[in-house]
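Data block below; observations after.
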Amino acid sequence: MTALGHHLLAEFTGCDAASLADLERVTSAMLQAAEASGATIVTHSFHHFSPHGVSGAVIIAESHLAIHTWPEHGFAAVDFFSCGKVDMDRGLAVLKQAFGATAETRLELERGPLGTVRV
């Protein structure tokens, strides 16, 4: 069976702490990433935690793009799931640049019955 969707988990390290702590900057970067990927934005919601960190998601017609940030560690975890044709690489490049990440690691999964894991 063909996969129903593609799920990409990305971790950005060496990020600029101020960027990861800024609710407006994280929101803007995530919306720009969704647009750059060619996804159709449906809605979005983001929250700033006290004392720091941002979590949120962009709901796209193709599924979702979510983030959790740890400014104190210069770290962001991103979850990009799509059951449509989007360019996840372009979207993640926007985020890497926006947060000044020095490194990125990825885990890619095919989702759906009989899906496979690629590491």
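Quick note: the coordinates plus some simple rules give every number you see, no bench work behind them. Here the structure is a predicted model, which means the values were calculated and not measured.
Here are the numbers for this structure:
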| read-out | value |
| --- | --- |
| Every residue from region 3-43 that is more than 14 Å from the chain's Cα centre (by Cα), of a type in the set (D, E, K, R) and over 12 Å from F99 (Cα atoms) | E24 |
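To keep it simple, each residue is scored yes or no on (1) closer than 23 Å to A18 by Cα; (2) among the polar types (S, T, N, Q).
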position: A39; (1), (2): no, no
position: T43; (1), (2): no, yes
position: G53; (1), (2): yes, no
position: A66; (1), (2): yes, no
position: W70; (1), (2): yes, no
position: F81; (1), (2): no, no
position: V86; (1), (2): no, no
position: Q97; (1), (2): yes, yes
position: T105; (1), (2): yes, yes
